[in-house]
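Since every read-out is calculated from the coordinates, none of them should be taken as a lab result. Small disclaimer: the values here were computed from a predicted structure and weren't measured. As a convention, Cβ positions derive from the backbone with ideal geometry for all residues, glycine included, and neighbour counts pool all protein chains shown.
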Amino acid sequence: MIVDVNLQHFRFDGMHAQGLCTNVELQNVNSIENGRAGIVSSGASHIDIFGGTIERNGRRQILAVDRSSATQHEAVPNEPLKQEPIEKE
């Protein structure tokens with residue numbers, strides 16, 4: 001679990017879960033103005049994103065590559081979840 005972190009102005013990605021990352025949970029993580037994407041999941045990784053701001057990143061806000069996935073929720077984990085679809089490349 002990663003909580004209350006700002007990821008800003010990285011040359012490539014704000015955060016990249018690469019390979020076989022499981023049980024990755026981001027709470028109130030802000031990923032703003034990074035080079036390619038704010039949050040990336042690749043390989044067979046899965047990320048759950050709760051709250052936070054992901055905006056003004058280069059090509060994508062959230063990027064899921066290969067068999068990976070990333071699910072963005074507006075609520076914190078103890079509240080009802082509202083899921084938004086994530087583009088796959």
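Of note:
- Per-selection metrics, segment 2-74 (Cα): Rg and Dmax in Å: 10.8, 28
- Segment 1-76: trypsin sites (Lys or Arg not before Pro) falling in loop per DSSP and having at most 12 other Cβ within 10 Å: ARG11, ARG56, ARG59, ARG67
- Gain on full stretching of the segment that runs from THR53 to ARG67 - 0.36 nm per residue minus C-alpha separation: 2.6 nm
- Cα centre as origin, Lys/Arg/Asp/Glu Cβ charges: segment 2-74 dipole, Debye: 340
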